[in-house]
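Once you've had a glance at the structure underneath, I'll fire off some questions.
The values are calculated or read from the model by the stated rules, or taken from the named source; none is laboratory data. Please read all numbers here as calculations on a predicted model, not as lab measurements. When we count neighbours, we look across all protein chains shown, and the Cβ atoms used for this are built from the backbone with ideal geometry, even at glycine. Ligands, DNA and RNA are stripped out before the accessible areas are found, and what is left, the full protein with its side chains, is counted by its heavy atoms. Shrake-Rupley method; radii C 1.70, N 1.55, O 1.52, S 1.80 Å.
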Amino acid sequence: MRDVSLWRCLLGLEDTVVERVEFDQHERVVVVAVRPAARRRGRCGRCRAPAAGYDAGRGRRRWRTLDCATTQVVLEADAPRVRCRVHGVVVAHVPWARHRARSTLAFEDQVAWLVTKTSLSTVAQLMRVAWRTVDAILTRVWAEIAERTDLFEGLSRIGIDEVSWRRNQRYLLAVVDHDTGHLVWVGKGNTTATAQSFFDALGPQRRAKITHISADAAPYIAKVAAKNCPEAIRVADPFHVVKWANDALGEVRLQVWRETRQLARANSRGRGRAPADAAHEYPAHKRLKILTRSRYALWKNPENLTPHQQTRLDWIAKTDPRLWRAYQLKEGLRAVLKLPCEEAAAALDAWCDSARRCRIEQFVDLARMVTDQRGPILAAIEHDLSNAISESVNTRIRLRNRIAFGIKDPDALISLLMLTLSGHTPALPGRA
């Protein structure tokens, strides 16, 4: 095998002519001089359509490729410009690299694959590139995959949810396919415009094919979904409904705890160590301790309670009617969501009536929220659909963001998430 053929095989080059191979003593890199094959010359770098030559560009250019053992290797070639009928004057296409990239296809694919498996700082150190270079590579690799992939094919049941990716209320809006469990779209922000941009990308024909939309009670999602997919069934997430009840119960417990603390302070004997013959602790202090330790007993499902938590719950039932009533309402709503569809409507109406008459402010407000979401809640029970897949994807989004550790550009993060969670992860170079 000739030396040039060997290097072309080692570097994984296609439609490329290897002219010579040299070692740059000053920069300590292997320089491989190449040129595109005749049939790949004179093409637009963006659309790859044949184009007329314009000028010689800025002379010779280098592209970083995969290392040879511990030595860096670069490809060197001319970078002429052509005049495209669509894109104007652009740098001519080269078969070994993407447009506007300073590294080869194999190099970028390996970087993108590594970032989906480990942290960005580790990849930057291993591949000897800067963090910003990794961000740009992720964006280019995903843009190429998205261009040749139809992510919305067969989309009928979707889940929409927002997830925080940075402090100071930085959110992403994620759309998940219920049938495949894959992430199909991510947008920046949690606004009406962000949600509308997804339906704009979907197009009118595919919007008409959407049959179910699961989401939380965010008004902007409901508004945009009703506008773009009026025939789709909007489903509320039962997990969020139970979370509303738990939050209301937590507020009631906190209110009772504060009242008990005030009573304990009013009956306090003051500072300092108590005398040896002092009376036992005041009842208010004991009550305060039990309420402090009863938080998880009130939140957990009854079947998961420990003996100590069950004892605290029994104590609350005997000593605090308001907190016990709030707990019963929380468990009642949770039980309604498990009923068959033909029984759930009447049970949910009865629960709302009971919550409105309980005179507990937090649950009166909760009854109003449940009444507003009555249709989506019953639809979730009827169609056995929730936002659990979206919540699972949100957990993986936070995990990927944490593992990556270094991505500050939302576009690069979106590219990373799509490469990881959409089912279209780039393959390692040289693997089938």
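For Trp131, indicate whether it is crowded, with 20+ Cβ neighbours inside 10 Å, over 30 Å from Pro204 (Cβ atoms) and not charged (D, E, K, R). Outline the logic, then answer.
Details: crowded, with 20+ Cβ neighbours inside 10 Å: no; over 30 Å from Pro204 (Cβ atoms): yes; not charged (D, E, K, R): yes.
Judged against the criteria, Trp131 is not a match.
Hey, another quick one. Which of the residues that make up the stretch 20-29 are open to solvent by 70 Å² or more (accessible area, probe 1.4 Å) and either closer than 16 Å to Arg60 by Cβ or touching a residue at least 12 places away in the same chain (Cβ under 8 Å) (or both)?
Here is the first cut: in the stretch 20-29, the residues open to solvent by 70 Å² or more (accessible area, probe 1.4 Å) are 20, 22-23, 25-28.
Selection gives Arg20, Glu22, His26, Glu27, Arg28.
All but one of (1) assigned to a strand (DSSP E or B); (2) more than 24 Å from Ala412 (Cβ to Cβ); (3) not hydrophobic (A, V, I, L, M, F, W, C) hold for Arg64, so report the exception by its number.
Unmet for Arg64, out of (1) assigned to a strand (DSSP E or B); (2) more than 24 Å from Ala412 (Cβ to Cβ); (3) not hydrophobic (A, V, I, L, M, F, W, C): (2).
Continuing with the same structure: I need the full set of residues from the stretch 307-339 which are touching a residue at least 40 places away in the same chain (Cβ under 8 Å) and either open to solvent by 60 Å² or more (accessible area, probe 1.4 Å) or of a type in the set (Val, Ile, Thr) (or both), in order please. Give the steps one after another, and end with the answer.
Of the residues in the stretch 307-339, the ones touching a residue at least 40 places away in the same chain (Cβ under 8 Å) are 320, 322-323, 326-327, 329-330, 333-334, 337, 339.
Selection gives Arg322 alone.
Still on this structure, please answer the following. Identify all residues within the stretch 137-155 that are touching a strand residue (DSSP E or B) at 6+ places or on another chain (Cβ under 7 Å), within 17 Å of Ala232 (Cα to Cα) and not aromatic (Phe, Trp, Tyr); write none if there are none.
Leu155
While we're looking at this one, here's another question. Whether any residue in the stretch 146-159 is surrounded by fewer than 21 Cβ atoms within 10 Å (Cβ to Cβ), within 24 Å of Ile407 (Cα to Cα) and acidic (Asp, Glu) is what I want to check.
Scanning the stretch 146-159 turns up at least one residue that is surrounded by fewer than 21 Cβ atoms within 10 Å (Cβ to Cβ), within 24 Å of Ile407 (Cα to Cα) and acidic (Asp, Glu).
For the stretch 112-131, give me each residue that is of a type outside the set (Phe, Trp, Tyr) and within 21 Å of the chain's Cα centre (by Cα).
So in the stretch 112-131, the residues of a type outside the set (Phe, Trp, Tyr) come out as 112, 114-130.
Passing the criteria: Ala112, Leu114, Val115, Thr116, Lys117, Thr118, Ser119, Leu120, Ser121.
Also, I was wondering about something else. Quick one: in the stretch 237-281, of everything that is in a loop (DSSP other than H, G, I, E, B) and either surrounded by 16 or more Cβ atoms within 10 Å (Cβ to Cβ) or of a type in the set (Gly, Ala, Ser) (or both), which residue is modelled with the highest pLDDT?
The qualifying residue modelled with the highest pLDDT is Asp237.
Quick check: anything in the stretch 7-14 over 30 Å from Glu147 (Cα atoms), assigned to a loop (DSSP other than H, G, I, E, B), modelled with pLDDT under 90 and of a type in the set (A, V, I, L, M, F, W, C)? First the steps, then the outcome.
First pass over the stretch 7-14, keeping only residues over 30 Å from Glu147 (Cα atoms): 7.
Now restrict to residues that are assigned to a loop (DSSP other than H, G, I, E, B): none.
Scanning the stretch 7-14, I find no residue that is over 30 Å from Glu147 (Cα atoms), assigned to a loop (DSSP other than H, G, I, E, B), modelled with pLDDT under 90 and of a type in the set (A, V, I, L, M, F, W, C), so the answer is no.
Answer yes or no: is there a residue in the stretch 53-64 that is crowded, with 18+ Cβ neighbours inside 10 Å, over 23 Å from Ala130 (Cα atoms) and modelled with pLDDT under 95. Quick ask: steps written out before the conclusion?
Kept after step one, since they are crowded, with 18+ Cβ neighbours inside 10 Å, are these residues of the stretch 53-64: 63-64.
Next cut, over 23 Å from Ala130 (Cα atoms) only: none.
Looking for residues that are crowded, with 18+ Cβ neighbours inside 10 Å, over 23 Å from Ala130 (Cα atoms) and modelled with pLDDT under 95, one finds none in the stretch 53-64, hence no.
Same structure again: Is there a residue being open to solvent by 40 Å² or more (accessible area, probe 1.4 Å), part of a strand (DSSP E or B) and not acidic (Asp, Glu) anywhere in the stretch 32-42?
Going residue by residue through the stretch 32-42, those that are open to solvent by 40 Å² or more (accessible area, probe 1.4 Å) are 35, 38-41.
With the extra rule that they be part of a strand (DSSP E or B), the set shrinks to 35.
Add one more test, that the residue is not acidic (Asp, Glu), and what stays is 35.
Yes, the conditions are met somewhere in the stretch 32-42.
Would you please list the contacts, defined by Cβ atoms under 9 Å and residues six or more apart or on different chains, that run from a residue in the stretch 373-393 that is under 15 Å from Leu421 (Cβ atoms) to a residue that is open to solvent by 40 Å² or more (accessible area, probe 1.4 Å)?
Glu391/Phe239; Val393/His182
Mind counting the residues in the stretch 354-370 that are open to solvent by 20 Å² or more (accessible area, probe 1.4 Å), under 34 Å from the mean Cα position of the chain (by Cα) and within 10 Å of Ala326 (Cα to Cα)?
Adding up the residues that qualify gives 1.
Something else now. Does Ala101 count as buried (at least 17 other Cβ atoms within 10 Å of the Cβ), without any contact (Cβ under 8 Å) to a residue 60 or more places away in the chain and within 19 Å of Val18 (Cα to Cα)? Write out each step before concluding.
Values: buried (at least 17 other Cβ atoms within 10 Å of the Cβ): yes; without any contact (Cβ under 8 Å) to a residue 60 or more places away in the chain: yes; within 19 Å of Val18 (Cα to Cα): no.
No, not satisfied.
Checking the conditions here, which among Glu76, Glu14 is surrounded by fewer than 12 Cβ atoms within 10 Å (Cβ to Cβ) and either under 23 Å from Ala124 (Cβ atoms) or under 41 Å from the mean Cα position of the chain (by Cα) (or both)?
Details: Glu76 fails: surrounded by fewer than 12 Cβ atoms within 10 Å (Cβ to Cβ).
From the options Glu76, Glu14, the qualifying one is Glu14.
Within the stretch 105-129, can you find the residues that are of a type in the set (Ser, Thr, Tyr) and either in contact with a Pro (Cβ under 9 Å, 6 or more places away or on another chain) or part of a helix (DSSP H, G or I) (or both)?
Thr116, Ser121, Thr122
Something else about it: Consider Ile137 against the criteria (1) within 16 Å of the chain's Cα centre (by Cα); (2) buried (at least 20 other Cβ atoms within 10 Å of the Cβ): it satisfies all of them except one. Which criterion is unmet?
(1)
Could you list, in sequence order, all residues of the stretch 67-97 that are in a strand (DSSP E or B) and among the polar types (S, T, N, Q)? Can you show your working first?
Step one: list which residues in the stretch 67-97 are in a strand (DSSP E or B), which gives 67-68, 71-78, 81-84, 88-92, 97.
Within the stretch 67-97, Thr71, Gln72 qualify.
Then there's this: Residue by residue through the stretch 394-432, note down the ones that are among the aliphatic types (A, V, I, L, M), within 16 Å of Thr149 (Cβ to Cβ), assigned to a helix (DSSP H, G or I) and open to solvent by 10 Å² or more (accessible area, probe 1.4 Å).
Ile414, Leu421 - these are the residues of the stretch 394-432 that are among the aliphatic types (A, V, I, L, M), within 16 Å of Thr149 (Cβ to Cβ), assigned to a helix (DSSP H, G or I) and open to solvent by 10 Å² or more (accessible area, probe 1.4 Å).
Next up: If I ask for residues that are farther than 16 Å from Gly59 by Cα and of a type in the set (A, V, I, L, M), which ones from the stretch 33-43 would you list?
Ala37, Ala38
Just a yes or no: is a residue in the stretch 110-120 under 30 Å from Gly203 (Cβ atoms), open to solvent by 10 Å² or more (accessible area, probe 1.4 Å) and not hydroxyl-bearing (Ser, Thr, Tyr)?
Checked against the condition, which is being under 30 Å from Gly203 (Cβ atoms), open to solvent by 10 Å² or more (accessible area, probe 1.4 Å) and not hydroxyl-bearing (Ser, Thr, Tyr), the stretch 110-120 yields no hits at all.
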